[in-house]
1. What's the longest uninterrupted piece of the chain once you rule out the GluC sites (Glu not before Pro) that are loop residues per DSSP with at most 13 other Cβ within 10 Å?
2. Using a Förster distance of 35 angstrom, determine the FRET efficiency expected from the C-beta separation of Q402 and E298, and round it to 0.05.
3. Heavy-atom accessible area of K78 with all protein chains present, probe 1.4 Å, nearest 10 Å²?
4. So how much slack lies between I352 and S79, counting 0.36 nm per residue of separation and subtracting their Cα-Cα distance, in nm?
5. Could you give the length gained on full extension between Q90 and I270, defined as 0.36 nm per residue of separation minus the Cα-Cα distance, in nm?
6. Tell me, how many Å apart are the Cα centres for region 159-186 and for region 335-350?
7. Angle between the Cα long axis of helix 345-354 and the longest principal axis of the chain, 0 to 90 degrees, nearest 10?
8. Taking +1 at the Cβ of each Lys and Arg and -1 at the Cβ of each Asp and Glu, which of Q224, A332, L59 sits farthest along the dipole of the chain towards its positive end, judged by Cα position relative to the Cα centre?
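The values are calculated or read from the model by the stated rules, or taken from the named source; none is laboratory data. These figures come from a predicted structure and were not determined experimentally. Cβ placement follows ideal geometry from the backbone for every residue including glycine, while neighbour counts extend to all protein chains displayed. Ligands, DNA and RNA are excluded from the accessible area calculation, which covers all protein heavy atoms including side chains. Shrake-Rupley method; radii C 1.70, N 1.55, O 1.52, S 1.80 Å.
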Amino acid sequence: MSFERIKEKLNILADAAKYDVSCASSGSNRTNKNKGLGNSTGMGICHSYTEDGRCVSLLKILMTNYCIYDCAYCVTRKSNDIKRAAFKIQEVVDLTINFYRRNYIEGLFLSSGIFKSADYTMERLVAVAKKLREEENFNGYIHLKSIPGASDELMREAGLYADRLSVNIEVPTVSGLKLLAPDKNYEDFTKPMLKVKNEILQYKAEKKIIKSTPKYAPAGQSTQMIIGATGESDKDIMYSATHYYKNYHMKRVYYSGYVPVAEDKRLPAIGSQVPLLRENRLYQTDWLLRFYGFHVKEILNADFPNLDMDVDPKLGWALRNMQHFPVDVNRADKAMLARIPGIGMQSVHKIINARKFRKLNWEHLKNIGIALNRAKYFMICDSSKWEKRDLEPSRIKGLILQNSSGKFRKEYSNQLQLFS
């Protein structure tokens, strides 16, 4: 195979992989051994950064963009008139090793269109990971996309070689999936998820008894939902995400704003704006559920099925629940401190540690780094400055927006930055 043909395949299949955002390497701890190649990246998305500020990158490609399915939202659907290509197993292995040796990448993210069958496709993905681990002694990060409908045997083998596995649920609801991908069954997505969950639990239990038990998908599994392709509310999306976190032990659920790729009456028109702000608000809500102690029903319910696009979801919740405020930062517990708009979890811990030595005033809180432009309306401290005023929620919201700026302000009016 000529270099030019490999380059052409790489251009086609790397471009096709850009629509998949569920590409994080958090949670893996694969140690280099026997003078092998690479170390697990620790945390990383293609061209992203680790917690310590280190830039990392993964080779992110499809095995092929041929596909037997005709999902309306997918650029690689079989009816789409695009240039097709497919890598051989050894070509992906060689690309990964050569790119690693040149310090271009620290790992591999490998997905694929489905050709012939789910098992045939998954078998080829597993073969790449197996060759990298056993023949090339590669210990870098590997993320494999699980193919919906793949057998339990292949899913088990995949987890022995990959650091993370993921099955994209694609559309948040079963009704949406039936509308846009009628050839696919919901159970084909959840079956491999359940297998991975059970295998992880089993291997962890065995590891406690037999220390030599190999790791199985040490970075867990993730999934991705396309946002804005169908008419689901934010409530539908986040209730679905909560279901996957709870029942399949997902490490992450990713929310990807739909990019119009086809003229189809079931979908937004080509040229329609990608719902980036909505995607951002969903990630903020996800963060509140996972790290701030919120329950999804507090933020989204029958009365409030969609998020407020003007303000972040924590501020939105606070404005609807003023009966809980103001909070005395010198007395409140950790859970209540975390619910004050403008205070992140790091600041919560700083407040708890600092108040052991003295009562905190506004100057102390400013030095800790909380966002006082929001927080000052929801808390009191050891100071008479900015004394509590009986302001209506709408008035508080207006004052905060008046003095705020955000990354979406150029596209949308009255948007806030990501909350602390």
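1. Here the longest run is 52-262.
2. 0.85
3. Looks like 120 Å² after rounding.
4. Stretched fully, the I352-S79 segment lengthens by 92.4 nm.
5. Stretched out fully, the Q90 to I270 stretch lengthens by 61.1 nm.
6. For region 159-186 versus region 335-350, the Cα centre distance is 35 Å.
7. Approximately 50 degrees, to the nearest 10.
8. Checking the options against the dipole of the chain, the answer is A332.
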